[in-house]
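J.: Sharing a structure with you now.
The values are calculated or read from the model by the stated rules, or taken from the named source; none is laboratory data. As the structure is a computational prediction, the values presented were derived from the model and not from experiment. All Cβ positions, even for glycine, are placed from backbone atoms using ideal geometry, and neighbour counts span all protein chains on display. These accessible areas exclude ligands, DNA and RNA; they are computed on the full protein's heavy atoms, side chains included. Shrake-Rupley method; radii C 1.70, N 1.55, O 1.52, S 1.80 Å.
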Amino acid sequence: AAWTVHPHVGPILTRLGERGIVTGIGSNLDARLYDVVAGHAELRPLAGRVIVSGVVGWRKPSPRFFDAVIGCAGCAAGAIAFVGDDAENDHAGATAAGLLALPADVLDAA
């Protein structure tokens, strides 16, 4: 109940989906994230594509964490844009795994 979703997230996910962009979430949070996604209607587009480090056994920036992201996405690493706000965990980890790393503020233009 303590979790909130930024007001822009729902509309951004809707617009991305309308453009045919598949979305997911990869996080170093724990398995409670599944309940957060399930409990917020605006996060429904992410259902089924949630990678939690505690579940896969590897934390970002481990290449094995990003292997789980790639497996969940079902496409080549180079076809995935990983959006995050942490230089080491998100950007360095994603880039090392062959994903395109983008800063979180890129969603402001989505």
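J.: Using θ = phi - 60° and the Karplus form 6.51 cos²θ - 1.76 cosθ + 1.60, what ³J(HN,Hα) does each residue of the stretch 64-72 get, whole Hz, x for Gly and Pro?
T.: With coefficients 6.51, -1.76 and 1.60, one gets 5, 4, 6, 4, 5, 4, 4, x, 5 Hz.
J.: For Gly84, what residues show an amide H to amide H distance below 5 Å, using hydrogens built from the backbone and excluding near sequence neighbours?
T.: Leu102, Ala104
J.: Say the dipole of the chain comes from +1 at the beta carbon of Lys and Arg and -1 at that of Asp and Glu; which of Val83, Ile51, Ala94 then lies farthest toward its positive end?
T.: Of Val83, Ile51, Ala94, it is Ile51.
J.: Counting only heavy atoms of the protein chains, get the accessible area per residue of the chain (1.4 Å probe) and round it to a whole Å² value.
T.: Numbers: 6460 Å² over 110 residues.
Ligands and nucleic acids excluded, the figure is 59 Å² per residue.
J.: If you plug each phi of the stretch 30-38 into the Karplus form 6.51 cos²θ - 1.76 cosθ + 1.60 with θ = phi - 60°, what whole-Hz ³J(HN,Hα) values come out, in order, with x for Gly and Pro?
T.: With the stated coefficients, the stretch 30-38 comes to 9, 4, 4, 4, 4, 5, 4, 4, 5 Hz.
J.: I've got another one for you. Grab the Cα-Cα distance for Ala2 and Asp108, subtract it from 0.36 nm times how many residues apart they are, and report the gain in nm with one decimal. Intermediate values should be presented prior to the final figure.
T.: Values: separation 106, 0.36 × 106 = 38.16 nm, distance 2.45 nm.
Length difference between fully extended and current span is 35.7 nm.
J.: While we're here: Do the sum for the chain: with -39,500 (n - 2.57) for every DSSP H run of n ≥ 4, divided by all residues, what is the mean residue ellipticity at 222 nm, to the nearest 500 deg cm²/dmol? Working shown, then result.
T.: Details: 5 runs with 36 residues, N = 110.
Rounded to the nearest 500, the figure is -8500 deg cm²/dmol.
J.: Here is a further query. Any chance you could look up the accessible area of Ile70 with a 1.4 Å probe, heavy atoms only, rounded to 10 Å²?
T.: Rounded to the nearest 10, the figure is 40 Å².
J.: Using a simple spin-label model with points 7 Å from Cα along the Cα→Cβ vector, what separation in nm is obtained for Thr95 and Arg32?
T.: 3.2
J.: Looking at the chain, what % of the alpha carbon pairs are farther apart than 18 Å? Walk me through the numbers before you get to the answer.
T.: Numbers: 2900 of 5995 pairs.
Summing the P(r) of the chain above 18 Å gives 48 percent of all pairs.
J.: For Val50, what residues show an amide H to amide H distance below 5 Å, using hydrogens built from the backbone and excluding near sequence neighbours?
T.: Close amide H contacts, sequence-distant or interchain: Ile25.
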